[in-house]
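Structure, as structure tokens:
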Amino acid sequence: MGIILKNKKHFLTRFPLWLGIIIFLALSPFIIGFIGAYLSELITNEPCHEGNCFWGVIPWLGIFITLPIGGIGLLIYLIIIIIDSIKLIKNGK
């Protein structure tokens, strides 16, 4: 039995869902920072960057914290998926 993939249907449903969640969480500071900076520029009519706006600093969090954690999580997830796929092929499910 696999850890995540127990049959071929799970490969089509669970694999893309969790892959998307991992990538979204790794890139979330960039998404939040750019949306916040854009809205801040619309409201104040001033450019938003790291020196004068909190939203400009949030993407740096992604470079040093969430991207490495997301990369490690993605690597572990892909290793588990490969092991489960090999078990599925061997069992013929």
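The values are calculated or read from the model by the stated rules, or taken from the named source; none is laboratory data. None of these values were measured; they are calculated from a predicted model. Here Cβ is always computed from backbone atoms with ideal geometry, including for glycine, and neighbour counts include all displayed protein chains. Ligands, DNA and RNA are excluded from the accessible area calculation, which covers all protein heavy atoms including side chains. Shrake-Rupley method; radii C 1.70, N 1.55, O 1.52, S 1.80 Å.
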- prompt: Among the residues of region 1-11, is there at least one that is in contact (Cβ under 8 Å) with a residue 24 or more places away in the chain and part of a helix (DSSP H, G or I)?
  reply: yes
- request: Inspect all residues belonging to region 3-10 and state whether any of them is open to solvent by 80 Å² or more (accessible area, probe 1.4 Å), hydrophobic (A, V, I, L, M, F, W, C) and either modelled with pLDDT of 90 or more or out of contact with any Gly (no Cβ under 8 Å at 6 or more places or on another chain) (or both).
  value: yes
- request: Hey, can you tell me all the residues within region 12-22 that are open to solvent by 80 Å² or more (accessible area, probe 1.4 Å) and in contact (Cβ under 8 Å) with a residue 12 or more places away in the chain?
  value: Trp18
task: Return a yes/no flag: does region 73-80 have any residue that is more than 13 Å from Leu5 (Cβ to Cβ), assigned to a helix (DSSP H, G or I) and touching a residue at least 12 places away in the same chain (Cβ under 8 Å).
output: yes
